[in-house]
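No value in this document is a laboratory result; all are computed from the given coordinates. All values reported here derive from a predicted model rather than from experimental measurement. Cβ placement follows ideal geometry from the backbone for every residue including glycine, while neighbour counts extend to all protein chains displayed.
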Ligand SMILES: [Zn+2]
Ligand SMILES: [Zn+2]
């Protein structure tokens with residue numbers, strides 16, 4: 001089978017991914033073998049490829065990709081999953097089940113987790129294997145390419161919305177900083193719940209247009225001040241310099257949620273900007289419950305994803321476009337057949 005292989009981390013312009021013909025993987029006990037139809041690309045893939053994540057956890061050669069849509073080729077005996085069934089494989093590949101976090105409904109914080117497309121091979125390939133307990137059933141209403149971005153961009157955005165801890169979404173004022181794959185899905189859930197959404201994004205043309213189309217109350221540049229104080233904001237852009245700016249735009253008791261796995265350093269800011277019980281918190285991974293709840297709400301809210309597709313062979317080019325904010329909505333790699 002063909003797969004995009006990473007042998008060592010390099011900047012994406014050096015084309016670190018190499019399309020290679022390798023052995024098809026064999027599913028271990030309790031795992032499924034999946035024939036991949038499409039795999040979304042995510043900023044985390046870029047962080048994986050460029051070496052921004054914990055060095056010790058890489059296992060080369062590595063196949064990235066963690067928003068995988070495909071059909072089951074083989075399933076463990078006794079599994080509810082059926083051959084031919086369409087499923088999704090997300091970033092959270094496996095958890096230990098025994099640590100204090102797994103035991104208390106916080107498996108996203110597991111002490112010894114595995115991640116698709118980083119510590120285990122992912123979906124930039126024609127086939128992959130995944131633990132049967134960690135794959136999602138998918139709604140039939142969305143096509144392979146439309147549903148792929150829900151599997152990380154969507155789920156992470158959903159967890160970010162949860163961490164905003166808004167008791168009442170109707171009329172709430174929500175800020176979104178960075179308007180790529182995650183932002184364009186999160187705004188639809190927030191609008192569905194009745195919130196007013198203020199979008200700050202650096203690509204005024206491409207991203208601003210989409211934000212307006214998806215019902216943003218106001219759209220401005222990254223460092224522009226929204227016209228009202230915000231109840232909560234989510235930062236999807238990996239730029240630490242946004243944090244003090246976004247903090248200043250928050251109302252008293254506001255929540256600032258950081259959605260990325262990696263961010264550049266956060267500059268110093270005066271204490272008064274976080275005073276009045278404002279909170280900054282990061283979001284790490286997701287639980288399977290987040291994933292299932294999100295997929296249900298996404299189907300109910302009739303979420304529409306905007307995608308740009310690339311052939312598997314163009315994975316380097318797709319990630320380069322992502323790096324330069326040149327994708328409107330979400331990028332998705334599609335397999336030949
Ligand atoms: Zn655990
Ligand atoms: Zn991701």
Exercise. Which order results if 80, 126, 224 are arranged by neighbouring Cβ count within 10 Å, fewest first?
Worked result: 80, 224, 126
Problem set entry | Virtual spin-label span in nm between residue 11 and residue 79, 7 Å along Cα→Cβ | 4.1
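Restricting to Cα pairs below 8 Å that are 6+ residues apart, what does the relative contact order work out to for region 246-302? Please round to a whole percent.
On the way: 45 pairs, mean separation 23.4, N = 57.
It rounds to 41 percent for region 246-302.
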For this session: Using every pair of alpha-carbon atoms in region 290-337, split the distances into 10 Å bins beginning at 0 and state the percent of pairs per bin, rounded to integers.
Result: 24, 36, 33, 7
Exercise. Suppose R0 equals 25 Å; then what is the FRET efficiency for residue 143 and residue 35 from their Cβ-Cβ distance, rounded to the nearest 0.05?
Worked result: 0.95
Exercise. If r is the Cβ-Cβ distance from residue 167 to residue 225 and R0 is 41 Å, what FRET efficiency results, to the nearest 0.05?
Worked result: 0.95
Problem set entry | Within region 294-337, backbone nitrogen closer than 17 Å to the virtual label 7 Å beyond the Cα of residue 24 toward Cβ | 335-337
For this session: Please determine, in degrees from 0 to 90 and to the nearest 10, the orientation of helix 153-163 with respect to the longest principal axis defined by the Cα atoms of the chain, where the helix direction is its Cα long axis.
Result: 40
For this session: Would you kindly work out the equivalent ellipsoid of the chain from its C-alpha gyration tensor and give its semi-axes, the square roots of five times the eigenvalues, largest first in whole Å?
Result: 32, 21, 19
Problem set entry | Potential extension, residue 282-residue 209 segment - 0.36 nm per residue separation minus Cα distance | 23.5 nm
For this session: Report the extension gain between residue 317 and residue 193 in nm, rounded to one decimal, defined as 0.36 nm multiplied by the number of residues separating them, less their alpha carbon distance.
Result: 41.0 nm
Exercise. Of the residues 286, 225, 168, which exhibits the maximal mean-square fluctuation in a Gaussian network model of the chain defined by a 10 Å Cα contact cut-off?
Worked result: 168
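Below 8 Å, C-alpha to C-alpha, sequence gap of six or more: please give me the relative contact order for the chain in percent. Kindly include the intermediate steps, with their values, before the conclusion.
Numbers: 812 pairs, mean separation 64.8, N = 337.
Across the chain, relative contact order equals 19 percent.
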For this session: Using a Gaussian network model of the chain whose springs link C-alpha atoms within less than 10 Å, name the residue from 167, 231, 221 with the highest mean-square fluctuation.
Result: 167
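Using Cα-Cα distances under 8 Å and only pairs 6 or more residues apart, what relative contact order does region 159-245 have, in percent?
Working: 146 pairs, mean separation 30.6, N = 87.
Dividing the mean separation by the residue count of region 159-245 yields 35 percent.
If each DSSP helix of 4+ residues adds -39,500 (n - 2.57) and the sum is divided by the residues in the chain, what number results at 222 nm, nearest 500 deg cm²/dmol? Show your work: numbers first, answer last.
Values: 8 runs with 72 residues, N = 337.
Per the formula, -6000 deg cm²/dmol.
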